[in-house]
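Chemist: This is the structure, below, for whatever I ask next.
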Amino acid sequence: MNPIPLVRVSAFVPFLRVLGDIGTPIERRLDESHIPSGLLDNPENLLPLAHLLSFLSRIARAEGIEDLGMRAAAQSHVAGLGLFGRILTQSASLNIALEKASRLIPLYNSGQRIQVDRWQGRARISHRLPKLAGEGRRYANQFTMLMLIDLMRQAAGATWRPSEIHLERGVDDPAIYEGLAVPLRESDTAAVICDPMLLGYPLQSGTALPANGNDVQLLASTAPPGDFIDSIRQVILTYMRNDTIGIETISSVIGLSSRGLQRRLRERGLDYSEIVAATRLALARRLLEDRGIAVTDIAQELGYSDAANFTRAFRKWTGLAPSVYRAGLFGES
């Protein structure tokens, strides 16, 4: 059973900048879509890919912006894509940067794949999203295409253009890409085509390869879960503070019906309410280990309206009040 595709916040923020520039009431739109705005402060936080692309699709239609992904990319650079972007731009050559992109993209966006191969004697850098991405996938394709070109221009120069661009058939609108003044071709997979000699060029911002070690470890340690149940727990954690973790909401944001989610959980012998309780308990225990966090703040992090409700739930889980549990952790009576 495949995990729920999750993506880092740093891939979403460029779209919000564009929407803010045209006067879209972002906070209200996020709230209407049950997207916790507080999570946007950390570029490495994870959100459900299907939910974000559905949000972008609705907003793009409402605002009449068919080139939303292009606009977002025009205001961005690869280096701004959090840890992932920093890892790529620290590469010594374009070939190394693209190899890293191909290998590490599941740690950044678990629903996306990047591949480097050959096509008619030229280099082809293709990118693919899951079918569940729906209509919003066109905006993600636009953004990814221009981010790949941005990365390649760090080796070839700011005015460089691909020799050809392949657009995903039935998804991408060729009219959106005409401004790039590059030959376009419809294909099963979106891709950038270039002279293979370009791959050997050094990146203008490149440094020695070992400089990436810590960043790669940190990216891996915060990566989207590789298991379906673990990815459900991650989504519950993401939406917990807003107390929007009812099964109807969570199933909606991951692109399933509530009945479909329940069926998948039953196949594993699990119950949704038990997963929520276990996830809350695990987070509560972790937060109680930090004496600097008040119990009232922990209650809020777990989505409770007040500390009394949290205390009742914690006592039910452990037989102890949170304050007593915390005191026990530190050997206090």
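Chemist: Tally the residues that are surrounded by 15 or more Cβ atoms within 10 Å (Cβ to Cβ) and either touching a Gly at 6+ places or on another chain (Cβ under 8 Å) or not in a loop (DSSP other than H, G, I, E, B) (or both), restricting the search to segment 31-41.
Modeler: Within segment 31-41, residues that are surrounded by 15 or more Cβ atoms within 10 Å (Cβ to Cβ) and either touching a Gly at 6+ places or on another chain (Cβ under 8 Å) or not in a loop (DSSP other than H, G, I, E, B) (or both) number 2.
Chemist: Go through segment 258-275 and give me each residue that's in contact with a Ser or Thr (Cβ under 7 Å, 6 or more places away or on another chain) and touching a residue at least 12 places away in the same chain (Cβ under 8 Å).
Modeler: Of everything in segment 258-275, just one residue is in contact with a Ser or Thr (Cβ under 7 Å, 6 or more places away or on another chain) and touching a residue at least 12 places away in the same chain (Cβ under 8 Å), namely LEU261.
Chemist: Only residues that are acidic (Asp, Glu) and within 23 Å of SER231 (Cα to Cα): list them for segment 260-319, please.
Modeler: Answer for segment 260-319, where residues must be acidic (Asp, Glu) and within 23 Å of SER231 (Cα to Cα): GLU267, ASP271, GLU274, GLU301.
Chemist: Filter segment 141-172 down to residues that are of a type outside the set (A, V, I, L, M) and assigned to a strand (DSSP E or B) and give me whichever is farthest from the chain's Cα centre (by Cα).
Modeler: Top of the filtered list is GLU164.
Chemist: Still on this structure, I have one more. Given the structure, is THR296 among the hydroxyl-bearing types (Ser, Thr, Tyr) and in contact (Cβ under 8 Å) with a residue 12 or more places away in the chain? Walk me through how you get there before you give the answer.
Modeler: On the way: among the hydroxyl-bearing types (Ser, Thr, Tyr): yes; in contact (Cβ under 8 Å) with a residue 12 or more places away in the chain: no.
Taking the combined requirement at face value, the residue does not satisfy it.
Chemist: Being in contact with an Asp or Glu (Cβ under 8 Å, 6 or more places away or on another chain), part of a helix (DSSP H, G or I) and among the charged types (D, E, K, R) is the filter here, so list the residues in segment 62-107 that pass it.
Modeler: Selection gives ARG86 alone.
Chemist: Let me ask something else about it. Sort out which residues of segment 296-320 are surrounded by 14 or more Cβ atoms within 10 Å (Cβ to Cβ) and either in contact with a Gly (Cβ under 6 Å, 6 or more places away or on another chain) or closer than 18 Å to GLY331 by Cα (or both), and write them in order of number. Outline the logic, then answer.
Modeler: Quick first cut of segment 296-320, residues surrounded by 14 or more Cβ atoms within 10 Å (Cβ to Cβ) only: 298-304, 307, 310-311, 313-315, 317-318, 320.
Once the filter is applied, which keeps residues that are surrounded by 14 or more Cβ atoms within 10 Å (Cβ to Cβ) and either in contact with a Gly (Cβ under 6 Å, 6 or more places away or on another chain) or closer than 18 Å to GLY331 by Cα (or both), segment 296-320 yields THR318, LEU320.
Chemist: Suppose the filter is touching a strand residue (DSSP E or B) at 6+ places or on another chain (Cβ under 9 Å) and either surrounded by 15 or more Cβ atoms within 10 Å (Cβ to Cβ) or not aromatic (Phe, Trp, Tyr) (or both); does GLU44 pass it?
Modeler: yes
FYI, it's all coordinate maths here, none of it is from the lab. All of these numbers come straight from a predicted model, not from anything done at the bench. When we count neighbours, we look across all protein chains shown, and the Cβ atoms used for this are built from the backbone with ideal geometry, even at glycine.
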